[in-house]
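The values are calculated or read from the model by the stated rules, or taken from the named source; none is laboratory data. This is a predicted model, so every value here is computed, not measured. Note that we place each Cβ from the backbone using ideal geometry, even for glycine, and neighbour counts take in every protein chain shown. Remember, those area values only see protein heavy atoms, side chains included, never the ligands or the DNA or RNA. Shrake-Rupley method; radii C 1.70, N 1.55, O 1.52, S 1.80 Å.
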Amino acid sequence: MTSQPLARAAGERQRDADRTRAEILQVAQREFARHGYAGARVDEIAERTRTTKRMIYYYFGGKEQLYIAVLEKAYTEVRAAERTVDVAHLAPVEAIRTLAELTFDHHDAHRDFIKLVGIENIHEAEHIRKSEVLANLGAPVLDIISRILDAGQESGDFVTEADAIDVHMMISAFCFFRVANQHTFGALFGRDMTAPEHRARLRTMVGELTVAYLRGAGAPA
């Protein structure tokens, strides 16, 4: 008779802990993206959550571990989005176009992710290298791209002998640059690449650039 109430209480405590941890990660992501790893303060994160600095250390162990957890969350979300591409039921051209447009949408909607990647590059991926979660997190997207490329070669849609990492870099570079460099690009050329009137055109562009490359655009005659 007493086991059920105890189990319910334990379950509720776990749910509370999960909610608190999720809230800390959400606030911490904004703080690290805004101020960088060195500039972010755990005290500020604690003030903006329903917890204390002591509890943050209890959940995550320290500032560096919290930052790594934020990176893990951000990268896991983009990898999860990529896995929604239905490679098995899409023709190769449509599949790679869909992946490119999906990456565009994700980077457009997750500006903090772009900032975090930039910050971690300043640190030369020092913190990513310490994460077991992130160690193999790039494998799923490379598998997706490889399957699309193999299908495209088999069907004759793709003629370029492309490398999955190169294709991933090409798509990511376009989508990342548009957000990360919006301010400097705007100051130099007078165009806000993230403005709504440019969105549809640029979203189409990244898909068509990728398809054109795989179809042999620019290859020697």
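Results, tabulated for the structure shown:
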| quantity | calculated |
| --- | --- |
| Model label zone, ARG79; criterion: amide N under 20 Å from point 7 Å along Cα-to-beta-carbon; scope the stretch 20-64 | 22, 25-26, 29 |
| Whole-angstrom gap from the stretch 16-70 to the stretch 89-129, using each part's C-alpha centre | 23 Å |
| Hits among aspartates and glutamates - C-alpha to C-alpha of LYS53 under 16 Å, sequence gap 8 or more where chains match | GLU23, GLU31, ASP43, GLU44, GLU64 |
| Accessible area per residue, Å², the chain with all protein chains present, probe 1.4 Å | 57 Å² |
| The chain: angle of helix 139-155 to the longest principal axis, Cα-based, in degrees nearest 10 | 20 degrees |
| Taking the stretch 30-101 and dividing mean pair separation by its residue count, relative contact order in percent (alpha carbons under 8 Å, at least six apart) | 16 percent |
| With every protein chain in place, the stretch 174-221: carbon and sulfur % of accessible area (1.4 Å) | 63 percent |
| Positive-end extreme of charge dipole, the stretch 34-143 - chosen from ALA125, GLY138, ILE96 (charges on Cβ) | ALA125 |
